[in-house]
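Structure record follows, encoded as structure tokens.
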Amino acid sequence: MMSGIRRFLDQFAAQPGGLAPDDHRLAAAALLFHVIAIDGTISDSERQKLRELLARRFALPDTDTDALIAAARSAEKEAVDLYGFTSVLKRHLSEPDREKIVEMMWELVFADGEVHEFEDNLVWRVAELLGVSSQARIRLKQAVRTANGR
């Protein structure tokens, strides 16, 4: 299994404009893709919100955003746990940047108008692995909820 993941990452890194296996953008995108997939249904609003968040956060043109989402989807399918992604983010991002990832996750949770218990639990687990406090996680959830009129 590890050889499959390594092969995927090596292939992606070899692509034009590809990302290194430990690139925080791929780790973040994979976690964000996991948020929209965890309830078993990916809505158009979730798919669009994911594109917007990644393009804005990482200042990517459309083609690079599409490539990142495709790579994130593959990486998410290959992953056996969340630690591989969160450890990359914890190594490369400051605390405020890790909180931004949690905020982006909440934006995806609220994108389809429904908060599924799996999504809520996923954000909690990722926040813990990223070292984002419970207070910050709850504050971010409330801020996103308010911004989305819910």
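Values in this text are rule-based calculations from the coordinates and carry no lab data. Remember, predicted model here, so these are calculated numbers, not experimental data. Here Cβ is always computed from backbone atoms with ideal geometry, including for glycine, and neighbour counts include all displayed protein chains.
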Exercise for the section: Would you calculate a helix-derived [θ] at 222 nm for the chain, using -39,500 (n - 2.57) for each DSSP H run of n ≥ 4 and dividing by the full residue count, to the nearest 500? Expected result: -24000 deg cm²/dmol
Handout entry: For the chain, size of Cβ-based charge dipole, Lys and Arg +1, Asp and Glu -1, in debye
Key = 320
Problem - Sorted by Cβ density within 10 Å, fewest first, the residues PHE33, PHE110 - result: PHE110, PHE33
Practice task
Quick one: what are the phi-derived ³J(HN,Hα) couplings along the range 134-147, Karplus 6.51/-1.76/1.60 with θ = phi - 60°, whole Hz, x for glycine and proline?
Solution key: 4, 4, 5, 4, 5, 4, 5, 4, 5, 5, 5, 4, 5, 5
Exercise for the section: Could you tell me which of rounded, prolate or oblate describes the chain, using a ≥ b ≥ c as the square roots of the eigenvalues of the alpha-carbon gyration tensor, with rounded for a/c under 1.5 and, failing that, prolate when a/b is larger than b/c and oblate otherwise? Expected result: prolate
